[in-house]
Amino acid sequence: MSRYLIRRIEESPRILLRTKTEIVALEGAENLEIVRWRDESGNIESYDIRHVFLMTGAVPATCWLNGCVALDGKNFIKTGPDLSEADLAAAHWPLPRAPYLLETSLPGVFAVGDVRSGNIKRVASAVGEGSIAISFVHQILRE
C-alpha cells in the first residue's frame, strides 16, 4: 500500500484501524451492523460498524515452498525473467528453454497474483496474469 494512503487512513477520525486482529463475528439483519474481533492478547472487542476493509497478502505465506521454487528476499515467488541463472542452476532446470513469463523455477508450475515477485498487487493484474498462465499451460501441454 502506498505511503500516502497509509497516512490518510491513519489520520482519518472516521477510520478505526486494527492490525494483528482476527474478525470473529460479523452481525446484522440486512446490512453489516456489528463487528467483533480478537486482538493479539485474546481480548474480544465489539463495535457498531457498517463497513469493513481487509488488507491481506502484504506478507506472502510461502515459506512452505522454500526449496521447491525460487523465492526472492521477501519470500515472494520468482518467475520468468526474474529467475537468475543461479536460481535455475540451484533448481536443476531441466529444459532447454528459459522459463515462461509466469513460470516458476519448477517447470510447468506457474505463480500469479500478489504472491509473485514483481506483481503490482492489484486484483485486475492478478486476473490478467491468471489468464496468461492458462495460455502457457496449454502451450506446455502441446509440447
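Give the residue list of GluC sites (Glu not before Pro) in the stretch 1-33 that are DSSP loop and have at most 10 other beta-carbon atoms within 10 angstrom. Sparse-neighbourhood loop GluC sites (Glu not before Pro): GLU30. Entry for the chain at q = 0.09, 0.11, 0.15, 0.20 Å⁻¹: log10 I(q)/I(0) = -0.44, -0.61, -0.87, -1.16, Debye formula applied to identical alpha-carbon scatterers, no solvent contribution. Extension gain, VAL123 to ARG18, is 35.5 nm, computed as 0.36 nm per intervening residue step minus the present C-alpha separation. Beyond 19 Å, the tail of the calculated P(r) for the stretch 72-143 holds 31 percent of the Cα pairs.
Using θ = phi - 60° in the Karplus curve 6.51 cos²θ - 1.76 cosθ + 1.60, the 3J(HN,Hα) couplings for the stretch 103-119 round to 7, 7, 6, 9, x, x, 10, 10, 10, 9, x, 4, 6, 8, 4, x, 5 Hz; x is entered for Gly and Pro.
Along the stretch 79-87 the Karplus relation, 6.51 cos²θ - 1.76 cosθ + 1.60 evaluated at θ = phi - 60°, assigns HN-Hα couplings of 9, x, x, 7, 7, 7, 4, 5, 4 Hz to successive residues, with x for each Gly and Pro.
Sparsely packed loop sites in the stretch 44-134 (the trypsin sites (Lys or Arg not before Pro) outside DSSP H, G, I, E and B with at most 16 other Cβ atoms within 10 Å) comprise ARG50, LYS74, ARG97, LYS121, ARG122.
Residues whose amide H lies under 5 Å from that of VAL109, counting only those 5 or more places away or on a different chain, are THR104; hydrogens are built 1.01 Å from N in the peptide plane.
With charges only on Cβ, +1 for K and R and -1 for D and E, what is the dipole size of the stretch 10-62 about its Cα centre, in debye, rounded to 20? For the stretch 10-62, the charge dipole is close to 120 debye. For the stretch 2-37, trypsin sites (Lys or Arg not before Pro) are listed when DSSP marks them as loop and at most 14 other Cβ atoms sit within 10 Å of their Cβ; the list is ARG14, ARG18, LYS20.
All of the numbers you see were taken from the coordinates with simple rules; none came from a lab. Computed from a predicted model, the values in this text were never measured in an experiment. Counting neighbours? That spans all protein chains shown, and the Cβs are built from the backbone with ideal geometry, glycine included.
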